[in-house]
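Report on the structure given below.
The values are calculated or read from the model by the stated rules, or taken from the named source; none is laboratory data. Please read all numbers here as calculations on a predicted model, not as lab measurements. So basically every Cβ, Gly included, is an ideal-geometry build from the backbone, and we count neighbours across all protein chains shown.
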Amino acid sequence: MVEDGEIYSVVGERGFERLVSAFYRQVPQDDLLGPLYGDEDLQGAEQRLRDFLIFRFGGPPSYIEQRGHPRLRMRHARFPIGQSTRDRWIELMDRALNESRFPVEVEAKLRAFFASTATFLINQPG
Ligand code: HEM
């Protein structure tokens, strides 16, 4: 049983880099997510998600040093997130996880974390 805090030591910075880059590679051409993320600072967005995950799963806290407390619901409030947008985010992340080939237990933990966090970020119907 792998604990959340041990995941960084299993997949490392490189693992999170792979995952997040596989996710963002799909964003620009996605009809729902592309317009939400815009295209001006996708590289910055990629870095923020990567650093957040590294911190959340037991790695160095550079996300906190640069961005402070995550407050994810507040930081997503300006983006309209309904069920279908949430499901699309998860679909892209599922593909990125498949591509990243992490150990099964790590993959299962991350999948569960993404699913519940994405649901928690829903801020409007539809
Ligand atoms: C539910 C669907 C989601 C949508 C539509 C969405 C959309 C966005 C957008 C448009 C941004 C701004 C990009 C930027 O940083 O410049 C963002 C930021 C971010 N998102 Fe999401 N997101 C979703 C789910 C998630 C989930 C599940 C997580 C956590 C695993 C997450 C973590 C983050 C983080 C850490 C940032 C950067 C916050 C900051 O420091 O400013 N998001 N998201």
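Check whether at least one residue in the stretch 8-19 is in contact with a Lys or Arg (Cβ under 7 Å, 6 or more places away or on another chain), surrounded by fewer than 18 Cβ atoms within 10 Å (Cβ to Cβ), of a type in the set (D, E, K, R) and modelled with pLDDT of 95 or more, and report yes or no.
Yes, that holds for at least one residue.
So which pairs qualify, if the first residue must be in the stretch 112-126 and part of a helix (DSSP H, G or I), the second must be among the basic types (Lys, Arg) and near the ligand (Cβ under 7 Å from one of its atoms), the Cβ gap must be under 7 Å, and the two must be at least 6 apart or on different chains?
Matching pairs, first to second residue: 118/86; 119/86.
Considering only the stretch 91-117, state which residues are exposed (fewer than 14 other Cβ atoms within 10 Å of the Cβ) and among the polar types (S, T, N, Q).
Once the filter is applied, which keeps residues that are exposed (fewer than 14 other Cβ atoms within 10 Å of the Cβ) and among the polar types (S, T, N, Q), the stretch 91-117 yields 98, 116.
Would you confirm whether or not the stretch 64-76 contains a residue that is touching a Leu at 6+ places or on another chain (Cβ under 7 Å) and not in a helix (DSSP H, G or I)?
Yes, because at least one residue in the stretch 64-76 is touching a Leu at 6+ places or on another chain (Cβ under 7 Å) and not in a helix (DSSP H, G or I).
Out of all the residues in the stretch 50-107, which are among the hydrophobic types (A, V, I, L, M, F, W, C), within 20 Å of residue 28 (Cα to Cα) and more than 9 Å from the ligand (Cβ to nearest atom)?
92, 96, 97
Please verify whether the stretch 35-54 includes one or more residues that are touching a residue at least 24 places away in the same chain (Cβ under 8 Å), among the hydrophobic types (A, V, I, L, M, F, W, C), crowded, with 18+ Cβ neighbours inside 10 Å and touching a Lys or Arg at 6+ places or on another chain (Cβ under 6 Å).
There is no residue in the stretch 35-54 that is touching a residue at least 24 places away in the same chain (Cβ under 8 Å), among the hydrophobic types (A, V, I, L, M, F, W, C), crowded, with 18+ Cβ neighbours inside 10 Å and touching a Lys or Arg at 6+ places or on another chain (Cβ under 6 Å).
Return the only residue of 91, 40, 6 being part of a loop (DSSP other than H, G, I, E, B) and among the charged types (D, E, K, R).
Just one listed residue meets the conditions, 40.
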